[in-house]
1. Report the label-to-label distance for residue B:307 and residue A:196 in nanometres (one decimal), using points 7 Å from each Cα along the Cα→Cβ vector.
2. Using a 10 Å cut-off around each Cβ, can you sort B:286, A:218 from fewest to most neighbouring Cβ atoms?
3. Count neighbours as other Cβ atoms within 10 Å of each site's Cβ, and list the chymotrypsin sites (Phe, Trp or Tyr not before Pro) in the stretch B:172-240 that are DSSP loop with at most 14 such neighbours.
4. Report the local net charge at residue B:83: Lys and Arg +1, Asp and Glu -1, summed over other residues whose C-beta lies under 9 Å from its C-beta.
5. Where Lys and Arg each count +1 and Asp and Glu each count -1, what net charge lies around residue B:399 among other residues with Cβ under 11 Å from its Cβ?
6. Counting DSSP beta bridges in the protein assembly as shown, what percent are antiparallel, to the nearest 5?
7. Considering only C-alpha atoms, what is the centroid distance from the stretch A:51-101 to the stretch B:73-92, in Å?
8. Can you tell me the relative contact order of the stretch B:249-378? Whole percent, Cα pairs under 8 Å, sequence separation 6 or more.
Amino acid sequence: MIDDLLNELERESSKCISCGFCDSVCPTYKTSGYDMTKTSRGRAQIGYSLFKELKSGNIGINVSDTFYSCLECHVCLQVCPTGVDSGRISDLSKTIISSVKKYEKPEAKAIVRNIMKYSKPLIFRDESYSWYDNVKAEKCDTLLYTGLMYQLMPYTENLERLRKKMGKRLFYAIISLAEAMPGITKLLKPDPSGVKRANKTLKNIVYALKSSDVSFDLLEEEEPYPGSLLYEYGYIVEFREYIKRIYKILGKYQNIITIDPHTYNLLKYEYPKYIPDFNLNVIYYLDMVDKNMLYKSNEYFAFHDPCHFQGEHLYNNAREIIENMGNVSYPERNGSRTYCCGGPDELLFPDISKNISAERYNQLKNISGNIVTSCPICLYSLSRNGNIKDIADVIQMHLKNRK
Amino acid sequence: MDKRILSEFIDAAGDGNVLYDEKNLFPYKRGSIDGMEEMPETVIKIFHEKSISKVMKIAHKYRIPVIARGGGSSPTGAVVPARKGIVLDMRPLNEIKVNIDDGYVEANAGATLEEVNRELKKYGFFFPPDPSSVSISTVGGAINENSGGMRCARYGVVKDWVLKIDVVLPSGDETSFGESIYKNRGGFNFVDLICGSEGTLCIVKKAYLKIMPFPEKITRIAGFFNTIEESANAIFSIRKNGLNPLILEYADYYGIKAANEIKKWNYPEAHGGMVLVDTDYGENYLNKILKVLEENNAFKIYIPQNEEEYNNIFEIRRIAFAAPGILYSGFIDGDIVVPLSKLRDAIEGINQIRMKNNVYIATCGHAGDGNLHPQVGGNPNNASEWENAKKSVREINDLAVRLGGSISGEHGIGKIKEEEFVGQLKYKNQIKTLEFMKSVKKLFDPENILNPDNFALGGNYD
């Protein structure tokens, strides 16, 4: 595998002519204090150097932050005159780095250990399972698979608070402890208002589907995490092993309805690469929402395109749905050149993440105070600055039968 | 670098803004395209205007070479710290203040031209010079390189839009050149001297730039041609007929092919290339341009009907600039400029060099002002292929000089075109220029610490 990775890393990074056009769109450049090692040009240049070092037999300096800080929004690819995708370079480099033990990130290691042991990045508390109370699951060949993303966000919110409260040193001591004893994460409480909010959105998603006459089964407490962070942190060996386990559970169904862009893309585009007999119909829930049951109000919305809908794989139905419910405006950075919410950096680079989310929030706020998105990570990341709505909550308010 | 000196720099620029470990220095070892590289000893990030003078006083005291870097997009090695020393990263210094009443924008050296234009757009104004690196090219970099761009055929280059500059001299002393007024005869024109001085004379801290109201409506049109003769004639006719386009651009067959490959498009891979025109003079002028394209046998004409097509056509020209980068691990940037009447001879001459040397050359450029970018591809690790590429570039530059032009229209000389630059001066009997340049350099920078060796100022070319 390593040879294939190296070949692809060389192919991708050697095309970089260091023109810097990508720096102008890379959200982590300005927000990291113009750190040239945390920008897309830096990633391409350092990626090529990493390739050369590996070819010669050793990695010299630790360059892991360069690649772990990449948000993988892939907007760099849109402006690169030679077609370099620094997001892909980061993917490849993280996979290589994850095999060099001394350069692993301790937070990433702790999360990987949890996922492998508990099928979740953190151990959930009871309140995270209350959203499906009173929801009628039906034994059928369609599964509503949440991917646990909405449920996970209130925990990461509290993790960040903990990091600030404890200070870096103590926090990392605990992270190291969690790495050895993953069960310790059971002590982490979710943010109560975050849980309430996540449960409300999850209920609204269920309501939108039920109103559209969609039947589905639920895994409830048995629902596993899809493995997104294993993939995003470059733990491909673990990812391959893990998703085989998950596929055994999901494979009992024919149709999988996903509710967030990360899980949707992972199942639809990445799982098939690693599971030879993959045979699931992966659906995004908005595709099953009956547009005829929505009415168009006079409301004005600013819509934030999630990167995972506009980056590598284009998905435009979220835009169609929101445009069915009101007057929609998009910020200057939208569509394939959208500006990331900063969420993917929240666990490893909280300061950068915070700066990016503030920057994006202001871009949106300048258009309309009524900001909507369709991704749990974007929702939580942008909400740090003010009120943001999930598209499911807007759907709930625009059902004709509610009018 | 000596720890004692480092701590002086840290006092001057602030803790965390002085970088000296290998990982952080690495991204500063090269500019764009040229492939030339050298690691600096230290990088100092400039967040405050006052830090520049403090840093320069220390550098001057210890005779440490200094290079000011903006977006780092120079393709001539101008930002490569060939003598190691210090790179000043000016990018964080990027405050912008718009003064509509007096008709200028005040921008720090690290602000990109795109950021300047974003601010100006709020008031319906813009800064016309637009190098294709506008999104990353900084005010300081564009002034020091006297950058051009697409709109320069109509509006001139950067120097034509600079009213005043606040600078730090190599000694650390501060001064200003020019005034933030539209006319000024107060002394020699030092503003024009600094514009295009490639970072060898002083460090630009802030500039006061002239602005213009943004054109009301821009219409775009592109014609594709079967032969170079037809496209060159179309370009010439547009200029000759006084149609004064906003931009008049050219991309050859190889550039169009590269754009199709990267973007998975199907634009005609025309052997005579594409001529791209923007006009802001309304329907009447658009029809006149259309007529010229038709009269010169454009076999396909696009007048974009939606935003996507409008952007895609432009993107072809933008990608054409870097076309060899897709196929080759290295390429050499060409930047010739010739009299407008010789444009066809230049394009045809480049074509002959391509065939004679069996070398990859993708040519695009600002046809409206006679500035072409013949980009030559090759693999630097393949000695004969690379030598052939270098030889072809030399021949292209000779061609430009023989046609009454110059080896550089807007990218400058830097550290990779010095010999050819001196050759040009000799051919044109202008070698006195180099003598005067050296005298001016000594006047500004007697210790030779600002971007030493750049711009043919360091070597012996007799």
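1. 3.8 nm
2. Numbers: B:286 20, A:218 17.
Least crowded to most crowded, the residues run A:218, B:286.
3. Loop-located and lightly packed - B:182, B:188.
4. Values: positive: B:84; negative: B:38, B:453.
Net of charged neighbours comes to -1.
5. Details: positive: B:342, B:394, B:402; negative: B:345, B:348, B:395, B:398.
Summing Lys/Arg as +1 and Asp/Glu as -1 gives -1.
6. Values: 55 of 83 bridges.
Around 65 percent of the beta bridges assigned by DSSP in the protein assembly as shown are antiparallel ones.
7. Measuring centre to centre over Cα atoms gives 24 Å.
8. Computed over the stretch B:249-378, the figure is 33 percent.
Each reported figure results from applying straightforward, stated rules to the coordinates on display, with no laboratory input. Computed from a prediction, not measured in an experiment: that's the story for all the values here. Counting neighbours? That spans all protein chains shown, and the Cβs are built from the backbone with ideal geometry, glycine included.
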